[in-house]
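In what follows, a structure is listed as structure tokens, so that the remarks can point back to it.
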Number of protein chains: 2
Amino acid sequence: MAGCIITISREYGSGGRIIGQKVAERLNIPFYDRGLVEMISEKSGLSEKFINEAELYREDAIKYAGYDVSLQMPLTHVVFHAEAEVISSLAEKGDCVIVGRCADYVLQGRDDVLNVFVYASISNRIERITQIYGDKVKNVKAFITRYDKDRAAYYDYYTDKKWGDMRSYHLSVNSDMGLDACTEIILTAYNNWKDGIQVI
Amino acid sequence: MAGCIITISREYGSGGRIIGQKVAERLNIPFYDRGLVEMISEKSGLSEKFINEAELYREDAIKYAGYDVSLQMPLTHVVFHAEAEVISSLAEKGDCVIVGRCADYVLQGRDDVLNVFVYASISNRIERITQIYGDKVKNVKAFITRYDKDRAAYYDYYTDKKWGDMRSYHLSVNSDMGLDACTEIILTAYNNWKDGIQVI
């Protein structure tokens, strides 16, 4: 297959976003991460802050209700539908790297999407977060665990797959191997994978 | 890291063994799969047939007891200890590919071991088994499921990790991408991974 869309799901602190960025740079294709939030905001009329936090407050979503558009459904549903629309239309434009936002599920009808999950040991995740954010995050381990639980709950609620289960993805890479190694591995997948069966 | 030992765990029918063989051929390093069974047989005094089936009869192991060597422990423990010794001594000899046999766990004290898991969609596994074995296997889906359950039970019993959970491995590849693509991906990991943290 010549080219594809790459979706990256990741554990918090695994460096998955950085890997996605490196892959996009190497392939010279668009990288959608925070920029996605702006587009979803434009599409939905919801604030970027709310969209960013939607993954973290799924169960409390209803308490944020208040806009006209949400009279029929919780606001997190509005966010999900808006992000699905934005992601689908980006995919139409050609190869790109999309981080998070259940993009693998949104695009599951296509055969040109490579779904990747990035994870890491808890010790390396703590070290990465501490080195990047210094002491701004208190109790890093609890913070990481909470973040992942919320991401998993959001993903498992909105998709028919399981977050962090290898069977939901084509490729799962442990970034303890190095962010550059993971970048090379994903590039190799991008250049070699085919959608179908090769028996031997 | 220049070179390493590659362990491959795999779902039944995923083509993981074939991928391991392709990787070993490309790297021109030894490939241990069925040959391992001979060595374990020599070490333990148990038959190759019993060793092959040990993964499948863990819970019934005691009923096979009868050799002197097993008076103190079930025969599957004898198999496990023998395979641990064989695998450790093979690893001392240099780079190689080892399929199955909890090799990732046996070698977990080393920092030059790349652990890979190969899986595939159930439809592609059924098709692969059917194409390779024809109609010799009845009810392929049930056979596959049973085989994996037994492998998982054996692995989870003898190790402190979870079979088929990405966090037990460095890399998990879905062979629906193609066996050759998976081979290239593993070769890329072999050539690029490092044991340690790369923050950004």
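The values are calculated or read from the model by the stated rules, or taken from the named source; none is laboratory data. These numbers were taken from a predicted model, which means no experiment stands behind them. Note that we place each Cβ from the backbone using ideal geometry, even for glycine, and neighbour counts take in every protein chain shown. Areas reflect the complete protein model, heavy atoms only, side chains present, ligands, DNA and RNA absent. Shrake-Rupley method; radii C 1.70, N 1.55, O 1.52, S 1.80 Å.
Collect the residues in segment B:134-170 that are surrounded by 19 or more Cβ atoms within 10 Å (Cβ to Cβ) and basic (K, R), keeping them in residue-number order.
Once the filter is applied, which keeps residues that are surrounded by 19 or more Cβ atoms within 10 Å (Cβ to Cβ) and basic (K, R), segment B:134-170 yields only B:R151.
Would you pick out the residues in segment A:85-101 that are in a loop (DSSP other than H, G, I, E, B) and buried (at least 24 other Cβ atoms within 10 Å of the Cβ)?
Selection gives A:R101 alone.
Hey, can you tell me all the residues within segment B:177-200 that are free of Cβ contacts under 8 Å to residues at least 60 places away in the same chain, within 18 Å of B:V23 (Cβ to Cβ) and at the interface with chain A (Cβ under 7 Å from one of its Cβ atoms)?
If the condition is that a residue be free of Cβ contacts under 8 Å to residues at least 60 places away in the same chain, within 18 Å of B:V23 (Cβ to Cβ) and at the interface with chain A (Cβ under 7 Å from one of its Cβ atoms), then B:M177, B:G178, B:A181, B:E184, B:I185, B:T188, B:N192 are the ones that fit.
All but one of (1) surrounded by fewer than 21 Cβ atoms within 10 Å (Cβ to Cβ); (2) in contact (Cβ under 8 Å) with a residue 40 or more places away in the chain; (3) not in a helix (DSSP H, G or I) hold for A:V173; state the number of the condition that does not hold.
That leaves (1) as the condition not met.
Please specify each residue of segment A:79-96 satisfying the condition of being in contact (Cβ under 8 Å) with a residue 24 or more places away in the chain and either of a type in the set (V, I, T) or touching a Cys at 6+ places or on another chain (Cβ under 9 Å) (or both).
Scanning segment A:79-96 gives A:V79, A:F80, A:E83, A:V86, A:I87, A:L90, A:D95.
Restricting attention to segment A:176-199, which residues are closer than 13 Å to A:V116 by Cβ and in a loop (DSSP other than H, G, I, E, B)?
Answer for segment A:176-199, where residues must be closer than 13 Å to A:V116 by Cβ and in a loop (DSSP other than H, G, I, E, B): just A:W193.
Could you list, in sequence order, the residues of segment A:5-25 that are in a loop (DSSP other than H, G, I, E, B) and surrounded by fewer than 22 Cβ atoms within 10 Å (Cβ to Cβ)?
Once the filter is applied, which keeps residues that are in a loop (DSSP other than H, G, I, E, B) and surrounded by fewer than 22 Cβ atoms within 10 Å (Cβ to Cβ), segment A:5-25 yields only A:Y12.
Any idea how many residues of segment B:158-170 are assigned to a helix (DSSP H, G or I) and in contact with an Asp or Glu (Cβ under 9 Å, 6 or more places away or on another chain)?
Residues that pass the stated criteria total 2.
If I ask for residues that are open to solvent by less than 30 Å² (accessible area, probe 1.4 Å), in a helix (DSSP H, G or I), farther than 21 Å from B:I18 by Cβ and aliphatic (A, V, I, L, M), which ones from segment B:29-48 would you list?
B:I40
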